[in-house]
Amino acid sequence: MPYEAKAGFLGRTEKQLADTLTANDMDRVLRIIADVLQGYEMIEIGQGQYQKDDLLRCYLDALKVEGRSPKTLERYEYVVRRLMKNLAVPTRQVTVYHIRSYLSAEQERGISDGTLNGIRDVFSAYFGWLHREGLIERNPMGNIGTVKCQKKQKKIITPVEMEKLSSKCPDFRYDKRNRAIMEFLRATGCRISEMTGLDRDSVNMQTLEVVVLGKGNKERKVYLDDVAGMILKEYLDGRRDENPALFAGQNGERLKPGGVRAMLKKLAVKANVENVHPHKFRRTLATNLNRRGMPIQEVAHILGHEKLDTTMKYVVLNDDDLKNDYRRYT
């Protein structure tokens, strides 16, 4: 250890202990510290080096080991890095006031309460993990509650709207593929990333079963009804490419989530149906299965949810059903 670094460190230590130790005890403590540090090199770390802390990388590595999806890791990294860049302080120095100021600024920028609460959830998970791991002394999210959001009634795709969408498929190139995609989403309730990640051999056309790799690399089975199975078979029988992907794009390569969203958006405009996106098919399936009497635990399994509370958020209650049930039970 360089003499100057050692002397400087011991000098600062002596000043910090001066009010709590006697002169004799101080001398003994400093000798012990000097003996322990003998042979080690001491380097003073500047402010710029602190800003290059790797705590976020530690957290992302932990999430990766837990099996979180690449999309989740990408979102968490983006949200946290944006915060740290804005604050321009080391992670260990972030306080509750920093977080509140940042969230307030985001709110003034005009982002929705739902999006703001999602950002808050990411911060809570990140700093909570750092605190539990002992990497920070205090959790700056400890006194920051959830952001209250206006609860809007969710909508599902009605049978009439589904028919409108299907009728407009012939207006598009790859109409068989587009209808097969819609029927697949309607029947299985798969996440868009799950569907686009499937290969042809994931589908058993005899039993109409599909093996899906969901969140956390967990496999589950979903099912096709007869209509969805028939339309999917027609699409696959007409394919001439060698791509193993279940759904292929115009270039013959695996269709990506963005391509599915763009196709549904164009189709919705043609069919004059509002707000059509992949997740709406998922909510529609959950609602229809629940209305027809399937136990919520089984609906959760179909959707790949671990918590029933999550599944309940997908089920859209019908006013007429509620009124009829109320009349029956009162």
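Read-outs: derived from the displayed coordinates by stated rules, not from any lab. This structure is a prediction, so every number in the text was calculated from the model and none was measured. Backbone-built Cβ (ideal geometry, glycine too); neighbour counts: all protein chains shown.
A few points about this structure:
- The Cα atoms of the stretch 130-169 cover 60, 23, 12 Å along the three principal axes, with the biggest extent listed first.
- Residues Arg138, Arg292, sorted so that the one with the fewest Cβ neighbours within 10 Å comes first: Arg292, Arg138
- Peptides 86-92, 254-260, 194-200 ranked from most to least packed by the mean count of surrounding Cβ atoms within 10 Å: 194-200, 254-260, 86-92.
- Amide H contacts of Ala248: Leu255, each under 5 Å away and 5 or more positions distant or on a separate chain (H built 1.01 Å from N in the peptide plane; Pro and chain starts excluded).
- Distance between the stretch 84-148 and the stretch 172-242 - C-alpha centres, whole angstrom: 40
- HN-Hα J in Hz across the stretch 204-212 - Karplus 6.51, -1.76, 1.60, θ = phi - 60°, x for Gly and Pro: 9, 6, 6, 9, 6, 10, 10, 8, 10
- Gyration tensor verdict on the stretch 225-312 (Cα atoms; rounded if a/c is under 1.5, prolate if a/b is larger than b/c, oblate otherwise): prolate
- Residues Met141, Met312 arranged by fewest to most Cβ contacts within 10 Å: Met312, Met141
- Residues whose amide H lies under 5 Å from that of Gly214, counting only those 5 or more places away or on a different chain, are Glu219, Arg220; hydrogens are built 1.01 Å from N in the peptide plane.
- At R0 = 25 Å, FRET efficiency that the Cβ-Cβ distance of Arg75 and Arg220 yields, to 0.05: 0.65
- Residue by residue, the stretch 76-87 carries 3J(HN,Hα) couplings of 4, 5, 4, 5, 6, 5, 5, 4, 5, 5, 5, 6 Hz when phi is fed to the Karplus relation 6.51 cos²θ - 1.76 cosθ + 1.60 (θ = phi - 60°); x denotes Gly or Pro.
- Cα shape, the stretch 159-323, gyration tensor, a/c 1.5 rule: oblate
- When the convex hull of its Cα atoms is viewed from all sides, the stretch 50-132 shows a mean projected area of 5.5 nm².
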